[in-house]
Amino acid sequence: MMRPARLAVGVVSAGRVGSVVGAALARAGHTVVAASGLSNASVRRAEQLLPDVPLLPPDEVARRADLVLLALPDDALAGMVRGLVATGSLRPGQIVVHTSGSHGIDVLTPAAEAGALPLALHPVMTFTGRAEDLDRLTACSVGVTATEGDEAAWNVGEALTVEMGAEPVRVPDEARALYHAALAHGANHLMTLVADCAELLREAGIGQPERLVAPLLSAALDNVLRHGDRALTGPVARGDLGTVRKHLAVLAERGPDIAPSYRALAKRTLARGDAAGLLDPSAAAELTELLSDPADPADPAEGQQNQ
């Protein structure tokens with residue numbers, strides 16, 4: 001694998017991701033020569049993770065750098081690239097890297113046309129912007145995307161990733177949208193799901209719900225990663241219609257904002273469990289009927305009266 005020469009790195013900008021990735025590159029032996037950051041939080045992160053690095057406007061950061069690291073929100077990335085090209089801040093021979101998960105290298109086309117080497121390096125982790133992220137980075141993967149057929153560019157992206165202590169995973173440019181949708185669905189929605197779980201437990205009068213569910217959720221995550229759909233448990237996987245009906249009833253009363261997501265995820269759990277052969281066909285059919293109608297009565301007796 002090609003090892004990049006020691007590079008002058010410019011970080012645009014020193015947010016949660018940029019400050020940590022910049023610090024990881026510095027730890028690998030590169031030199032962070034400048035960073036941009038306007039908010040108080042960015043300034044604090046730079047002071048902690050990029051000490052003695054001057055904070056400059058983005059165009060000045062890019063002019064000083066051999067490797068320009070664009071750690072920006074997805075929607076701001078294209079405009080920044082165009083702006084840097086328009087101001088003559090990029091030059092042939094530079095490496096221009098972005099950390100967006102959803103974008104491939106198309107967003108860097110203006111930089112490539114200016115002679116820069118475009119790369120997408122997306123760390124597959126959540127960032128707090130604190131020093132502990134550096135250790136987490138060494139245990140994660142990085143989605144690497146380079147120009148199709150340019151093996152040298154792919155090697156540079158992989159070498160930079162390995163230098164930071166992470167594991168490179170090649171993601172074709174055309175797969176970036178689906179790749180990022182999968183990761184967001186798993187990580188972001190998991191956070192929402194866990195927060196909803198804790199909220200319902202507090203509504204039930206349970207103190208310190210996070211301590212209660214931590215072992216359960218950790219075991220569930222470990223089981224599904226090891227065993228896939230065969231690890232499914234709970235009332236849907238058992239075909240326990242009465243319990244699911246009770247859940248829908250209490251959520252309609254005590255957690256109406258959460259009830260629709262419970263129903264949607266129960267339907268998806270049912271589909272996966274049924275496809276894996278975990279459910280009795282008759283139980284699967286009854287659950288499908290129950291979960292398909294949001295107006296389905298929670299009380300079986302009421303349901304009989306309405307038939």
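Values for this structure:
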{"read-out": "Where a label projected 7 Å from the Cα of R211 along Cα→Cβ would reach, residues of the stretch 181-205 with amide N under 15 Å", "value": "202"}
{"read-out": "Unit charges on C-beta of K, R, D, E only; dipole of the chain, Debye", "value": "800"}
{"read-out": "Base-10 log of normalised Debye intensity for the chain (one unit scatterer per alpha-carbon) at q = 0.06, 0.07, 0.12 Å⁻¹", "value": "-0.30, -0.40, -0.86"}
{"read-out": "The chain - share of DSSP beta bridges that are antiparallel (%, nearest 5)", "value": "15"}
{"read-out": "Debye intensity ratio I(q)/I(0), log10, the stretch 192-250, q values 0.17, 0.27, 0.28 Å⁻¹ (C-alpha model)", "value": "-0.74, -1.12, -1.11"}
{"read-out": "For the stretch 178-292, accessible area per residue (1.4 Å probe, heavy atoms of protein chains only), Å²", "value": "64"}
{"read-out": "Value of Rg/Rh across the stretch 8-171 [Cα atoms, Kirkwood radius]", "value": "0.93"}
{"read-out": "Whole-number percent relative contact order across the chain, with pairs defined as alpha carbons under 8 Å at least 6 apart", "value": "12"}
{"read-out": "Cβ-derived FRET efficiency at R0 45 Å, D106 paired with A285, nearest 0.05", "value": "0.45"}
{"read-out": "Extension gain from K246 to L178, taking 0.36 nm per residue of separation minus the Cα-Cα distance", "value": "20.9 nm"}
{"read-out": "Alpha-carbon Debye profile of the stretch 178-292, log10 I(q)/I(0) at 0.11, 0.17 Å⁻¹", "value": "-0.40, -0.98"}
{"read-out": "Check: the stretch 83-241 dipole with +1 on Lys, Arg Cβ and -1 on Asp, Glu Cβ, in debye", "value": "340"}
{"read-out": "FRET E, pair E60, R272, Förster distance 41 Å, beta-carbon r, rounded to 0.05", "value": "0.20"}
{"read-out": "Whole-Hz couplings from phi, Karplus 6.51/-1.76/1.60, listed for the stretch 51-65; x for Gly and Pro", "value": "x, 6, 8, x, 9, 10, x, x, 5, 5, 4, 5, 5, 7, 9"}
{"read-out": "Residue-normalised accessible area of the stretch 8-171, expressed per residue, 1.4 Å probe, Å²", "value": "40"}
{"read-out": "Accessible area of R63 in the full protein assembly, 1.4 Å probe (Å², nearest 10)", "value": "90"}
{"read-out": "Per-peptide average of other Cβ atoms within 10 Å, ordering 157-168, 235-246, 9-20 highest first", "value": "9-20, 157-168, 235-246"}
{"read-out": "Options S100, V171, C140, ranked by Cα towards positive dipole end of the stretch 98-216, top entry (Cβ charges)", "value": "C140"}
{"read-out": "Listed residues H103, H227 arranged by accessible area, highest first, probe 1.4 Å", "value": "H227, H103"}
{"read-out": "Accessible-area ranking of E210, E174, largest first, probe 1.4 Å", "value": "E174, E210"}
{"read-out": "Sulfur and carbon atoms: percent of accessible area, the chain [1.4 Å]", "value": "55"}
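The values are calculated or read from the model by the stated rules, or taken from the named source; none is laboratory data. These figures come from a predicted structure and were not determined experimentally. Every residue, glycine among them, receives a Cβ derived from its backbone with ideal geometry; neighbour counts consider all protein chains shown. Surface accessibility is based on the protein's heavy atoms, side chains included, excluding ligands, DNA and RNA. Shrake-Rupley method; radii C 1.70, N 1.55, O 1.52, S 1.80 Å.
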